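**Q** Take this structure, written in structure tokens, and hold onto it; I'll ask about it next.
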Amino acid sequence: EAGVAQSPRYKIIEKRQSVAFWCNPISGHATLYWYQQILGQGPKLLIQFQNNGVVDDSQLPKDRFSAERLKGVDSTLKIQPAKLEDSAVYLCASSQTGDQDSPLHFGNGTRLTVT
Amino acid sequence: RKEVEQDPGPFNVPEGATVAFNCTYSNSASQSFFWYRQDCRKEPKLLMSVYSSGNEDGRFTAQLNRASQYISLLIRDSKLSDSATYLCVLNTGGFKTIFGAGTRLFVKA
């Protein structure tokens with residue numbers, strides 16, 4: 001089974017610039033998550049999709065972050081404009097159903113450095 | 001109080017040692033529990049689910065104590081390859097999954 005695909009692996013931008021990340025979940029997985037992981041911390045949920053609908057975006061800084069999941073498959077996460085504190089690894093994960101017993105499968109992540 | 005709390009460590013143990021981590025949670029409505037493992041600069045991967053009756057997978061044993069609201073992970077006969085960060089994860093129902101900050105383990109020869 002192919003895993004969760006993310007791109008790019010690394011990105012370096014200057015503050016106030018914009019950046020976009022892409023994620024392709026495991027085929028057939030209904031639920032897609034974007035997490036932000038700052039060094040030394042656990043992953044923090046930014047947004048969760050169930051098919052192409054948003055289930056939880058309570059921790060997404062909506063003034064600068066946006067995300068969409070087109071046709072319930074691929075997803076993009078955008079930051080505009082970026083701040084220094086956005087430097088982190090952005091992890092995409094998917095799960096088959098999203099219910100409580102459905103484990104998460106993570107992609108390799110995108111390491112963002114904002115200078 | 002954080003929803004999920006873990007001792008960040010690091011735990012430094014020799015090969016062959018037994019080591020245990022605890023994780024406490026504040027939401028008594030939490031329904032499902034997991035341990036994930038994260039290697040340095042890698043993505044988290046599911047290690048094992050945690051069941052009310054306790055469960056074992058080789059050298060790893062996970063337990064849940066709902067009364068005291070904590071889960072534990074016991075690693076027996078530690079290997080060098082066990083060095084990683086162990087993340088406590090819970091699902092509060094309603095599709096909400098929460099990660100702890102992780103406990104770092106270093107196993108030394």
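The values are calculated or read from the model by the stated rules, or taken from the named source; none is laboratory data. Note that the coordinates shown come from a computational prediction; the quantities given were computed from them, not determined experimentally. Using ideal geometry, Cβ is built from the backbone for each residue, glycine included, and neighbour counts are taken over all protein chains shown. Areas reflect the complete protein model, heavy atoms only, side chains present, ligands, DNA and RNA absent. Shrake-Rupley method; radii C 1.70, N 1.55, O 1.52, S 1.80 Å.
**Q** Mind listing just one residue for me: the one in region B:53-69 that is of a type outside the set (S, T, N, Q) and assigned to a loop (DSSP other than H, G, I, E, B) and, of those, surrounded by the fewest Cβ atoms within 10 Å (Cβ to Cβ)?
**A** Restricting attention to region B:53-69, the residues satisfying the condition of being of a type outside the set (S, T, N, Q) are B:54, B:56-60, B:62, B:64, B:66-67.
Among the residues that remain, those that are also assigned to a loop (DSSP other than H, G, I, E, B) are: B:54, B:58-59, B:66-67.
Values: B:54: 14, B:58: 9, B:59: 13, B:66: 12, B:67: 7.
Applying the filter and picking the extreme gives B:67.
**Q** Of all residues in region B:92-109, how many are in a strand (DSSP E or B), surrounded by 21 or more Cβ atoms within 10 Å (Cβ to Cβ) and either at the interface with chain A (Cβ under 8 Å from one of its Cβ atoms) or without any contact (Cβ under 8 Å) to a residue 24 or more places away in the chain (or both)?
**A** Filtering region B:92-109 for residues in a strand (DSSP E or B) gives B:97-99, B:103-108.
Applying the additional criterion that residues be surrounded by 21 or more Cβ atoms within 10 Å (Cβ to Cβ) yields B:97, B:99, B:103, B:105.
Applying the additional criterion that residues be either at the interface with chain A (Cβ under 8 Å from one of its Cβ atoms) or without any contact (Cβ under 8 Å) to a residue 24 or more places away in the chain (or both) yields B:97, B:99.
Of the residues in that region, 2 qualify.
**Q** Continuing with the same structure: I need the full set of residues from region A:77-95 which are of a type in the set (S, T, N, Q) and exposed (fewer than 15 other Cβ atoms within 10 Å of the Cβ), in order please.
**A** If we filter region A:77-95 for residues that are of a type in the set (S, T, N, Q), which is where we start, we get A:80, A:87, A:94-95.
Hit for region A:77-95 is A:80, nothing else.
**Q** I'm trying to understand the selection: among the residues of region B:3-14, which are surrounded by 12 or more Cβ atoms within 10 Å (Cβ to Cβ) and more than 19 Å from residue B:38 (Cα to Cα)? It would help to see each step written out before you state the result.
**A** Of all residues in region B:3-14, those surrounded by 12 or more Cβ atoms within 10 Å (Cβ to Cβ) come to B:3-13.
Matches in region B:3-14: B:3 only.
**Q** While we're looking at this one, here's another question. Residues to consider are B:72, B:49, B:30; find the one that is within 13 Å of chain A (Cβ to nearest Cβ) and part of a strand (DSSP E or B).
**A** Values: B:72 fails: within 13 Å of chain A (Cβ to nearest Cβ); B:30 fails: part of a strand (DSSP E or B).
It is B:49.
**Q** Oh, and also: So residue B:1 fits all but one of (1) away from every other protein chain (no Cβ under 11 Å); (2) part of a strand (DSSP E or B); what number is the exception?
**A** Residue B:1 satisfies every listed condition except (2).
Yes/no per residue for (1) under 30 Å from residue B:5 (Cβ atoms); (2) more than 12 Å from every other protein chain (Cβ to nearest Cβ); (3) open to solvent by less than 50 Å² (accessible area, probe 1.4 Å); (4) assigned to a strand (DSSP E or B):
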residue: A:2; (1), (2), (3), (4): no, yes, no, no
residue: A:6; (1), (2), (3), (4): yes, no, yes, yes
residue: A:11; (1), (2), (3), (4): no, yes, no, yes
residue: A:33; (1), (2), (3), (4): yes, no, yes, yes
residue: A:36; (1), (2), (3), (4): yes, no, yes, yes
residue: A:46; (1), (2), (3), (4): yes, yes, yes, yes
residue: A:49; (1), (2), (3), (4): yes, no, yes, yes
residue: A:55; (1), (2), (3), (4): yes, no, no, yes
residue: A:60; (1), (2), (3), (4): yes, yes, yes, no
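**Q** Restricting the first residue to region A:81-108 and requiring it to be over 13 Å from residue A:12 (Cα atoms), which pairs with a second residue that is among the small types (Gly, Ala, Ser) and open to solvent by 60 Å² or more (accessible area, probe 1.4 Å) meet a Cβ separation below 8 Å and a spacing of at least six or different chains?
**A** A:81/A:18; A:96/A:28
**Q** Just one of the numbered conditions (1) open to solvent by less than 70 Å² (accessible area, probe 1.4 Å); (2) charged (D, E, K, R); (3) at the interface with chain B (Cβ under 10 Å from one of its Cβ atoms) is not true of residue A:69; which one?
**A** It is condition (3) that residue A:69 fails.
**Q** Considering B:85, B:24, which residue is polar (S, T, N, Q), free of Cβ contacts under 8 Å to residues at least 60 places away in the same chain and either in a loop (DSSP other than H, G, I, E, B) or closer than 17 Å to residue A:104 by Cβ (or both)?
**A** Numbers: B:24 fails: either in a loop (DSSP other than H, G, I, E, B) or closer than 17 Å to residue A:104 by Cβ (or both).
Unique residue meeting the criteria: B:85.
**Q** Moving on. List the residue pairs whose Cβ atoms are under 8 Å apart, where the first residue sits in region B:40-56 and is free of Cβ contacts under 8 Å to residues at least 40 places away in the same chain, the second is open to solvent by 70 Å² or more (accessible area, probe 1.4 Å) and part of a loop (DSSP other than H, G, I, E, B), and the two are 6 or more positions apart or on different chains.
**A** B:42/A:108; B:43/A:108; B:49/A:101; B:52/B:66
**Q** So, one more: Of all residues in region B:33-46, which are more than 8 Å from chain A (Cβ to nearest Cβ), surrounded by 14 or more Cβ atoms within 10 Å (Cβ to Cβ) and over 10 Å from the mean Cα position of the chain (by Cα)?
**A** If the condition is that a residue be more than 8 Å from chain A (Cβ to nearest Cβ), surrounded by 14 or more Cβ atoms within 10 Å (Cβ to Cβ) and over 10 Å from the mean Cα position of the chain (by Cα), then B:38 is the only one that fits.
**Q** Would region B:19-26 turn up any residue that is within 27 Å of residue A:94 (Cα to Cα), more than 11 Å from every other protein chain (Cβ to nearest Cβ), loosely packed, with under 15 Cβ neighbours inside 10 Å and at pLDDT below 95?
**A** There is at least one residue in region B:19-26 that is within 27 Å of residue A:94 (Cα to Cα), more than 11 Å from every other protein chain (Cβ to nearest Cβ), loosely packed, with under 15 Cβ neighbours inside 10 Å and at pLDDT below 95.
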